[in-house]
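Asker: First the structure, which I've put down as structure tokens, then a few questions once you've had a look.
Computed from the coordinates by the stated procedures, all read-outs in this text should not be read as laboratory data. Since this is a predicted model, take the numbers as computed values, not measurements. Here the Cβ positions follow ideal geometry from the backbone for every residue, glycine too, while neighbour counts run over all protein chains shown.
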Amino acid sequence: MLVYIWFLNSLVPTIAATVDGIEKVKDVWEKLRRTYDGVRNNLRVFQIKGEIDATVQGERTVQEYATELERLWLDYDHFFPRASCKDPGCKEREAFLQERTMVFLKGLTSEFAQRIALLLAQPKIPTLEEVVSAMIQEETRIGEVSTSNL
């Protein structure tokens, strides 16, 4: 009962009124999830995909750029769940993870071109985490070279 009261009090009053008569917290949660979850919201998937496609590093650091893409991909996976196959052997999962690595690399500034070429020359494309780490190291190296040339 304590959880139920806390849950109702955490809702906006107009939304709380729609679930006030439901007795079980689980049922309240399910009603709210079905109403407000937005999964399979094709318009939102389309918008997020457009944001992902338009996201490039620009003036951001590699970490800021990677964080923005990861945030967008989390939203995308929420609204388009079939893109997040959980089985480790899932070929679709491996393919879309490689695609995400490519999207990240494509959006980096031209100063990373040589390191990108080295990564893509490998027989197996590294994971996104490995690529982000490599690019952060490269960003540090480029910064050190720039400062030593001053």
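Asker: Just one of the numbered conditions (1) touching a residue at least 12 places away in the same chain (Cβ under 8 Å); (2) surrounded by fewer than 11 Cβ atoms within 10 Å (Cβ to Cβ); (3) not polar (S, T, N, Q) is not true of VAL12; which one?
Answerer: (1)
Asker: How about segment 101-132: which of its residues are crowded, with 17+ Cβ neighbours inside 10 Å and either more than 15 Å from VAL62 (Cβ to Cβ) or of a type in the set (Gly, Ala, Ser) (or both)?
Answerer: Result: GLY107, ILE125.
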